[in-house]
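Heads up: the structure comes next, in structure tokens.
Read-outs: derived from the displayed coordinates by stated rules, not from any lab. What you see is a predicted model, and the numbers here were worked out from it, not measured in a lab. Cβ placement follows ideal geometry from the backbone for every residue including glycine, while neighbour counts extend to all protein chains displayed.
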Amino acid sequence: MPKYDTVIGLEIHVALLTKSKLFCGCSTTFGGEPNSQCCPICLGLPGALPRLNERAVEYAIKAGLALNCTIHEISRFDRKNYYYPDLPKAYQITQEFYPLCTDGYLEYFYGDSLARTKITRIHLEEEAGKLIHSGASIIDSDYSLVDYNRAGIPLIEIVTAPDIRSPQQARIFLEQLRLLLNYIGVSDTKMEEGSLRCDANISLKPLGSTQLGTRVELKNLNSFRALERALTYEERRQGEILDRGDKVNQESRTWDERRGRTLPMRSKADALDYRFFPEPDLPRLKLRPGWVEEIKSTIPELPMERLSRYEREYGLSRYEATFFVNYPDFGQLCEKLAAMGWEGSRAANLLMGEYARLAREKGHLTPERLAGLLEIIEDGLISSNQTADVLEELFNSNLSAREIVLEKGWQVLADTDELQALIGEVLQGNVELVERYRAGETKLYGFFVGQVMRATEGKADPKIVNDLLRKELGT
Amino acid sequence: MRKTAALLEKRQISSEELVKQYLTRIEEADPQINAFITCSGEEALAQARDADRRRARGEALSPWDGIPIAVKDNISTMGLRTTCASKFLAEYVPVFDAAVVENVRKAGLPILGKTNLDEFAMGSSSEYSAFGVTKNPHDLERVAGGSSGGSAAAVAAGEAPWALGTDTGGSIRQPAAFCGVVGLKPTYGRVSRYGVVALAPSLDQVGPLATCVEDAAILFSLLAGPDRRDAISSQSRPFSLPEWDLDSVRGLRVGVPKEFFGSGLNPEVEQAVNACLGELERLGAQLQSISLYTNEYAIETYLTIVTAEASSCLARFDGVRYGRRVEAADSNTMFAKSRAAGFGPEVKRRIMLGTYVLSAKQYKLFYEQAQRVRALIQQDVAQALKQVDLIVTPTTPNTAFKIGEKRNPLEMYLSDLYTALANLSGIPALSLPCGRDSRGLPIGIQFMGRHFEEELLFQAAYAVEQTQRRGEDA
Ligand SMILES: [Zn+2]
């Protein structure tokens, strides 16, 4: 029995997919020549002033709506002051005191049950530049260079309440959040490019206690796996400290992926004083009337809505529906096939098996070609165990499923007379075994089936073979 | 300026000749006065020749095409170094023009050079300049005021016909008063701040300095209007020149706040201002005694806000991208050493103060409290401007002081006693010369009005100016 409740909260930074930066017209494209996407504003040159990108506000509102937040008609920007070479103005423009969105939640399936994680706030802020060290890290570098291409890219920071109860749940929440953001198209959420970043707070408290424990902030969680592993490590580390009767130190710790452990970064005592104050260069952000409603009307079907629709309309299992929701490209094929009249479970059967592996490698087939395949299975032109071979060919040729089968001569042998003759031959060639079978050694039945299938190179219709064989053997 | 414009129009003088005259004057006078940090004579002459060619083709950009101007050195000029009178930016050359510089270039004004100021506009005497003090053309032992001391002195000494300044707490009006020129701090948000090196963004404004009211109005008309690059100026309106008619003050309700005439006001200044008020009355204005009780808190409020904002705005001068850098083993040491070497004592003092008032523990006590008082000040001023159309006060309690006289920073901060109120409440305010003290030093009178009602300030100041001229002629 565990002795502690785990309490986890997440802070997620999401780079928005706007064409230009939050306060200037520079491009946000990833991977440009260093310092080629900068201007006086995002370089913080003396006298340059910020000008708010409306599209970024729109995207932040969209995320807020999709996460069931209150969208505030009036919010404000503030300055967060600190020195770092990648921060051109030595302050970040953010929304500390009056964020754009507050009090939302995300619902998702965690195991079999529906979980709800509260979203405390979503606010807009600007991204910093990027340091490029001459050595492996800042400590062992002779010099560092700064690339300001990233500086000023719009971010939203999404902060959850400490509602999450396990490292696994944290991971699933983050995956579902990412899926949601992809659905509404506000971010490409690529953790490896840094367009989705997550910090986590974790604390333990005695089972059932209402008093929160001392929390530790985890940084440098660069993948879903790292998030779960770091939290799992930290859960155990804190548990051991509490078991010993010691106190957990309030601090920030960094995840060392290679060594699989968290390491202290800085304790609360050396926390920075960011000297927040209202940004005087920008007026209050006042949303024009009707704008939020307009944005609301552009929000597409969200993952949870789609999940229940797939279950309801296509009769898919939770497992199948989840697959299609998580992989909307597959989901779309399923919907197209359903629109052509195919049963959801049949489409799922086809799409989630061998097809998924091939499609991930080679790209999707058109719904028409897939429907052609379903059709010949339905017609009994091939047996279901031949599906994989036909699929493989569908990816390699332009022929339809039917044409492939006919050209290759793969069609099922369903001619009763021909099969009858074949079966006679098989039985005559194994007279001794037939007698043993009739004497009660029924497990030999499979051998006869195998012999018939081999004689037809696997093309015999198994149902007809069964019927005829049983009749011949007199059982 | 109308006369000069007419001469240019009739080709009785060329822009090149005009610019040469001013450059000669700069060459003669500036070694004593030190109004300019950088003189861009060659560029100005080239711009003047361009202006002459345009005129010859009948393609003058404006009636003022070819009349030169001086620009305060905290306003970015593309390709022309912009030092903010700081060692930190001694070599800094902007890659873009400030919006106001674009505007004067669009009107065809050649730029004579960049004028001196207190470092990063922090000061009231131009003594805190890394490029030496600017001297008052009326008495070389005295200060020109500040922070736009260079611009005011240049205009007063005839080194430039007009100039651009910036005003955060009185930095246009106080030197204008000390040097005997006209200076306007426009309504907050009326002129774009884009490209002006920020001191305190919630207070900063760019404005004109000129020898007479009409010229100040002409220059202001080139500056005012919305600019999409300054989010605060988006509600701005352009300004067109008013009717110059002495009758326009008839029936104006002029408020005289008693708090500005108490102890600490030099009697000679009081007398001069009262004389001007008398003129306004003779012209038909109705004088009313009013109260602006919040002015008592203006300086403390102003200092809290200005230091807080400045500490943040000046943080970007860290030695990473431009300006002074002192190399060190790690970035934090590099920041500290670069800033220690680049900034003068007053800048350091204000950064320390501002960092303190914004610190998590002090924020509520200082910055938040200052914002609340600022709101009260705004209410107080708005209330007063419901009763009257204009408020008239002395611009400064005293005339120009001696160089080195004010050793205590607190004494220096009190120079803004009568001017900070307009910045805190965002209203326009104009300083007009109104006579001289017994030493012959200029005295300034200040006109304040409602947001975006600069026109009224100009008209009233013009009326007073005309009666003074008549007095001088007689
Ligand atoms: Zn930019």
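Using the Cα gyration tensor of region A:416-473, with a ≥ b ≥ c the square roots of its eigenvalues, what is the shape: rounded (a/c below 1.5), prolate (a/b larger than b/c) or oblate (neither)?
Prolate, because a/c is 1.5 or more and a/b exceeds b/c.
Show the residues, 5+ positions off or on another chain, whose built amide H is closer than 5 Å to the amide H of B:S40.
Answer set, sorted by chain and number: B:G113, B:K114.
Please go through the residue pairs A:K89/A:K219; A:K219/B:K364; A:K89/B:K364; A:K190/A:K362; B:K20/B:K106 and name each one whose alpha carbons sit more than 29 Å apart in this structure.
The pairs that break the limit, which is 29 Å between Cα atoms, are A:K219/B:K364.
Treat each spin label as a single point 7 Å out from the Cα along the C-beta direction, and report the A:R266 to A:E175 distance in nm.
About 3.4 nm separates the two model spin labels.
Kindly express, to the nearest 10 degrees and within the range 0 to 90, the angle between helix A:224-243's C-alpha long axis and the longest C-alpha principal axis of chain A.
It works out to around 70 degrees.
Do the sum for chain B: with -39,500 (n - 2.57) for every DSSP H run of n ≥ 4, divided by all residues, what is the mean residue ellipticity at 222 nm, to the nearest 500 deg cm²/dmol?
-12000 deg cm²/dmol
Taking only Cα atoms, what is the 0 to 90° angle, nearest 10, from helix A:303-314's long axis to the longest principal axis of chain A?
Computed tilt is about 20 degrees.
Using only the alpha-carbon atoms of region B:60-103 as identical scatterers, what base-10 log of I(q)/I(0) does the Debye formula give at q = 0.15, 0.18, 0.31, 0.33 Å⁻¹?
-0.42, -0.57, -1.10, -1.16
Identify, among A:M340, A:L179, A:A226, the residue whose Cα sits farthest towards the positive end of the charge dipole of the protein assembly as shown, taking +1 on the Cβ of Lys and Arg and -1 on the Cβ of Asp and Glu, with the dipole about the Cα centre.
Sorting the options by dipole projection puts first A:A226.
If I take every Cα pair under 8 Å that is 6 or more residues apart in region A:303-408, average their sequence separation and divide by the length, what percent do I get for the relative contact order?
Dividing the mean separation by the residue count of region A:303-408 yields 19 percent.
Quickly work out the A:E313-to-A:D243 label distance, labels modelled 7 Å from Cα along the C-beta direction, and quote it in nm with one decimal.
5.2
Given an 8 Å cut-off on Cα distances and at least 6 residues of separation, report the relative contact order of chain A as a percent.
Answer for chain A is 14 percent.
Using a 10 Å cut-off around each Cβ of peptide A:78-88, what is the average number of partner chain Cβ atoms that fall inside?
Partner-chain Cβ atoms within 10 Å, mean over residues of A:78-88: 4.
Going by Cβ distance under 4.7 Å, what cysteines of chain A have no possible disulfide partner?
A:C24, A:C26, A:C38, A:C39, A:C42, A:C198, A:C334
What's the percent breakdown of Cα-Cα distances in chain B across 10 Å bins, shortest bin first?
For chain B, the binned pair fractions read 5, 22, 33, 27, 12, 3, 0, 0 percent.
Only counting other Cβ atoms within 10 Å, I'd like B:R439, B:R450 sorted with the fewest neighbours first.
Listing B:R439, B:R450 from fewest to most nearby Cβ atoms yields B:R439, B:R450.
Can you sort A:T28, B:T307, A:T298 by how many other beta carbons sit within 10 Å, fewest first?
By the 10 Å Cβ count, ascending, the order reads A:T298, A:T28, B:T307.
When Lys and Arg each count +1 and Asp and Glu each count -1, what net charge do the other residues less than 9 Å away from A:V14, Cβ to Cβ, add up to?
Its environment carries a net charge of +1.
Taking the beta-carbon count within 10 Å as an exposure proxy, list A:L131, B:L223 from fewest neighbours to most.
A:L131, B:L223
If you line up the long axis of helix A:367-379 against the longest principal axis of chain A, both from Cα atoms, how many degrees apart are they, to the nearest 10?
Tilt of helix A:367-379: around 30 degrees.
Please label the shape of region A:4-296 as rounded, prolate or oblate, based on the square roots a ≥ b ≥ c of the eigenvalues of the alpha-carbon gyration tensor (a/c under 1.5 means rounded; beyond that, a/b larger than b/c means prolate, else oblate).
Oblate.
Within region A:123-177, which chymotrypsin sites (Phe, Trp or Tyr not before Pro) sit in a loop by DSSP and count at most 10 neighbouring Cβ atoms inside 10 Å?
The qualifying sites are A:Y143.
Defining a contact as two alpha carbons under 8 Å apart and six or more residues distant in sequence, what relative contact order in percent does region B:181-325 show?
After rounding, I find 23 percent.
What is the pair-distance distribution P(r) of the protein assembly as shown, computed from all Cα-Cα distances in 10 Å bins starting at 0, with each bin given as a whole percent?
2, 10, 16, 17, 14, 11, 9, 7, 5, 3, 2, 2, 1, 0, 0
Using the charge dipole of region A:76-116 (Lys, Arg: +1 at Cβ; Asp, Glu: -1 at Cβ; taken about the Cα centre), state which of A:F97, A:L114, A:Y84 has its Cα farthest towards the positive end.
My answer, from the dipole projection, is A:Y84.
Once you order the gyration tensor axes a ≥ b ≥ c over the Cα atoms, which shape class does region B:257-298 get: rounded for a/c under 1.5, otherwise prolate or oblate by comparing a/b with b/c?
Cα axes put region B:257-298 in the oblate bin.
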